[in-house]
Amino acid sequence: MKKYNFNIIWILIPILILLFGEISKSQTTFIVNKSHLDYLYEEINVDGKEMAIIHIYSNAPDYAYVGDDDEGYACIDDAARAAIFYLEYYKAYLDSSSLNKFDKLIEFVLYMQAENGFFYNFIWEDHSINMTFKTSVAEPNWWSWRALWVLMEGYKYFGYSNTEKTIAVRRSIEKIIEAIKPCIPKEKGKVLIDGIEFPDWLPANFASDQAALLVISLSDYYKIFGDKVILDYLQSLIHGIMIMQLNDSECEYDGAFLSWQNTWHGWGNSQAYALLKAYQVLKEEKIKTSALLELNNFYERLIEIGFLSYFKVKNNQDMYEVVESNKYSQIAYCISPMVFALLEAYNLTSDSTYAIKAGRVAQWFIGQNPASTVMYNHHSGIFYDGIENEMLINKNSGAESTIEGLLSLLKISLNPVALTEFENID
């Protein structure tokens with residue numbers, strides 16, 4: 001029988017809604033409330049092993065759990081991100097319950113590793129692994145990179161002891177690294193799409209967003225283990241990401257890193273953050289310069305226009321032309337990569353303008369957005385799933401929105417410059 005971990009706050013939600021009403025601009029007192037994520041978290045037992053999952057969807061108005069008929073009810077993608085949050089929350093506040101949740105989620109990640117070294121993504125409600133659906137197959141794809149990322153974060157923090165857990169984490173890391181190596185392209189070429197040359201050695205047909213997640217993890221891996229093969233691949237990925245940056249001062253979106261082929265999309269667009277993390281390991285100035293170009297130019301433009309969902313470009317006589325764009329939908333996963341990159345730039349440069357800009361970007365959560373709607377309820381920890389247009393809010397609150405929102409606000413809360421700007425809202 002399934003065991004649900006209901007936080008006491010959820011018993012009180014109907015009362016809180018009656019007392020405080022829906023999320024409103026008057027409710028912007030800052031607090032990082034993880035109650036809703038704690039609600040999405042559930043401990044399970046698989047073959048005698050204690051672990052935990054994160055429920056993927058939670059829908060208004062009662063925020064009951066919702067699964068997916070094709071995929072399952074929980075996935076490694078969300079578990080890994082939640083584990084990162086709980087680890088960061090533990091480091092900030094020494095909250096032992098968060099450390100325990102991190103540990104249980106890591107067990108789930110380890111459980112999901114396939115014999116080939118990559119990771120399955122989804123499980124069914126009977127805790128069996130979905131091994132066949134296209135978003136769950138154990139292959140070199142988003143969810144495997146996400147697993148490597150959280151394992152590296154855990155190993156960096158706890159990995160210098162010889163406990164059973166850290167040994168298991170290291171073995172898992174080594175297993176996926178050995179799986180990655182045969183997949184490294186031996187030849188590097190370029191492919192022309194809409195007049196733009198793209199590097200053919202990035203994952204998933206020119207996906208610099210996937211490459212960025214790999215760069216974050218492989219930078220740490222190389223720093224710890226000094227693997228020359230991984231160093232070469234890391235440098236190759238970085239070079240490919242930089243090729244996909246728009247360098248045209250006449251273009252409205254100068255400095256943006258295209259996400260996939262000739263498309264930029266806001267969700268998961270963490271290239272600048274990845275390059276800043278890699279710079280700290282490789283110390284190559286061109287890497288930092290490339291990342292800061294996006295922050296100084298494109299990010300500023302995004303703030304001015306109230307953010308974007310996506311755009312497409314083509315090259316017309318050596319100039320970039322925007323051929324398609326859309327402002328919606330906007331989600332937390334569009335905002336968090338910007339917050340991460342800006343705060344990382346501040347940490348590297350001590351330039352307060354980056355922290356101030358991070359605070360301004362994060363104001364999206366508390367009403368500084370095209371819908372003028374507060375997306376985060378600090379009484380319940382609910383983050384709305386997105387802005388569909390100026391008049392329509394998706395009031396569901398699934399794992400991705402919740403985790404990306406919490407990670408963003410936790411980082412803001414720990415930076416006094418960013419926090420001051422964040423709270424300075426009209």
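The values are calculated or read from the model by the stated rules, or taken from the named source; none is laboratory data. A quick note: this is a predicted structure, and the numbers were derived from the prediction, not measured. Cβ: placed from backbone, ideal geometry, glycine included. Neighbour counts: every protein chain shown.
Residue by residue, here is whether (1) over 29 Å from Ser329 (Cβ atoms); (2) more than 14 Å from the chain's Cα centre (by Cα) holds:
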| site | (1), (2) |
| --- | --- |
| Ala207 | no, yes |
| Ile216 | no, no |
| Asp220 | yes, yes |
| Gly226 | yes, yes |
| Val229 | yes, yes |
| Gln235 | yes, yes |
| Glu252 | no, yes |
| Thr263 | no, yes |
| Trp267 | no, no |
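For the range 350-390, the candidate set comprises residues that are polar (S, T, N, Q), part of a helix (DSSP H, G or I) and in contact (Cβ under 8 Å) with a residue 12 or more places away in the chain; within that set, the residue that is nearest to Tyr279 (Cα to Cα) is Ser352. Among all residues of the range 19-34, there is none that is at pLDDT 80 or above, not in a loop (DSSP other than H, G, I, E, B) and not charged (D, E, K, R). Counting only residues that are outside any helix (DSSP H, G or I) and either closer than 26 Å to Ile387 by Cβ or out of contact with any strand residue (DSSP E or B) (no Cβ under 8 Å at 6 or more places or on another chain) (or both), the range 280-320 holds 14 of them. For the condition buried (at least 18 other Cβ atoms within 10 Å of the Cβ), of a type in the set (Gly, Ala, Ser) and under 27 Å from Ile54 (Cα atoms), Ser128 does not qualify. Just to check your reading of the model, which residue among Ile196, Ile216 is surrounded by fewer than 21 Cβ atoms within 10 Å (Cβ to Cβ), closer than 24 Å to Ala291 by Cα and assigned by TED's automatic domain parsing to the domain that holds Phe257? Checking each option against the conditions leaves just Ile196. Kindly check whether there is at least one residue in the range 399-409 that is assigned to a loop (DSSP other than H, G, I, E, B) and touching a strand residue (DSSP E or B) at 6+ places or on another chain (Cβ under 9 Å). Within the range 399-409, none of the residues are assigned to a loop (DSSP other than H, G, I, E, B) and touching a strand residue (DSSP E or B) at 6+ places or on another chain (Cβ under 9 Å).
Just so you know, in the range 321-349 the residues that are part of a strand (DSSP E or B) and not hydroxyl-bearing (Ser, Thr, Tyr) include one that is nearest to Val417 (Cα to Cα), and it is Gln330.
For the range 167-186, the candidate set comprises residues that are free of Cβ contacts under 8 Å to residues at least 12 places away in the same chain and of a type outside the set (Lys, Arg); within that set, the residue that is surrounded by the fewest Cβ atoms within 10 Å (Cβ to Cβ) is Pro182.
Residues that are of a type in the set (Gly, Ala, Ser) and free of Cβ contacts under 8 Å to residues at least 24 places away in the same chain do not occur anywhere in the range 151-158.
Within the range 259-278, not a single residue is without any contact (Cβ under 8 Å) to a residue 24 or more places away in the chain and part of a loop (DSSP other than H, G, I, E, B).
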